[in-house]
Amino acid sequence: MAQALNRGVVPDRERLTCFMAWVIGPLAFETAPHDSMPEDLNAMNVVLGTVLSVVGFLWCFRSCPPDKRHAFVDHCICLSIPVAFSVVLPFYCLPAVVLLLALPDNPLVWKIIVPLGWLVTPVFFWRLRHFLFQSMGHEITKAEQVA
């Protein structure tokens, strides 16, 4: 792999697979939930979070122009942090912290926080996709905005 990367001959799909394994791998093996989080909810969160992430990255990747897909991983890494700050921080992290501080050790808190994460994840990928298009110099058509 190192030699192929050096020569620039790693196929885009293989680069995407490596990137997704790097990002999603820790989600799939998350085993230490908060003490007050119900186990069944943790299992559902790991499965659904992993599925949402895989679908989100594939949606972004397939939306990129084929001639620009070689740069997908680089752009994705660079754009993920600012998108997370603008989407995940205000719409998931801050409400979760407030709920956990307001209702410590209450298992009902997780029935709000976990589904909120499931709602915020698609919004994250929608915004990431928008900025990926922008960073690659691709204009988004009306049909692509919906798709």
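Take the residues in region 90-102 that are among the aliphatic types (A, V, I, L, M) and modelled with pLDDT of 90 or more; name whichever of them is farthest from the chain's Cα centre (by Cα).
Narrowing region 90-102 to residues among the aliphatic types (A, V, I, L, M): 94, 96-102.
After this cut, where a residue has to be modelled with pLDDT of 90 or more as well, the list is 94, 96-99, 101-102.
On the way: Leu94: 18, Ala96: 18, Val97: 20, Val98: 23, Leu99: 23, Leu101: 26, Ala102: 27 Å.
Top of the filtered list is Ala102.
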Scanning region 12-31 for residues that are charged (D, E, K, R) and either in contact with a His (Cβ under 9 Å, 6 or more places away or on another chain) or at pLDDT below 80 (or both), the one surrounded by the fewest Cβ atoms within 10 Å (Cβ to Cβ) turns out to be Glu30
Residue pairs within 6 Å by beta carbon, gap of at least six or interchain, first lying in region 41-67 and free of Cβ contacts under 8 Å to residues at least 60 places away in the same chain, second in a helix (DSSP H, G or I), listed first then second, are Thr50/Ile24; Thr50/Leu27; Thr50/Ala28; Phe61/Leu16; Phe61/Phe72
Pairing a residue in region 126-147 that is under 18 Å from Ser80 (Cα atoms) and at pLDDT below 85 with any residue that is part of a helix (DSSP H, G or I) and of a type in the set (Phe, Trp, Tyr), where Cβ atoms lie under 9 Å and the two sit 6 or more apart in sequence or on different chains, gives Met136/Phe72
Do we have any residue at all in region 47-68 that's surrounded by 15 or more Cβ atoms within 10 Å (Cβ to Cβ), farther than 19 Å from Leu119 by Cβ, at pLDDT below 90 and in contact with a Ser or Thr (Cβ under 9 Å, 6 or more places away or on another chain)?
no
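Tell me the helices (runs of 4 or more DSSP H) entirely within region 28-110 that contain at least 1 residues that are of a type in the set (S, T, N, Q) and over 20 Å from Phe125 (Cα atoms).
Details: elements: 39-63, 72-88, 94-102.
Ranges flagged: 39-63.
Going by what's in this entry, would Val9 be described as closer than 30 Å to Gly137 by Cα and at pLDDT below 85?
On the way: closer than 30 Å to Gly137 by Cα: yes; at pLDDT below 85: yes.
Judged against the criteria, Val9 is a match.
The values are calculated or read from the model by the stated rules, or taken from the named source; none is laboratory data. Remember, predicted model here, so these are calculated numbers, not experimental data. Cβ: placed from backbone, ideal geometry, glycine included. Neighbour counts: every protein chain shown.
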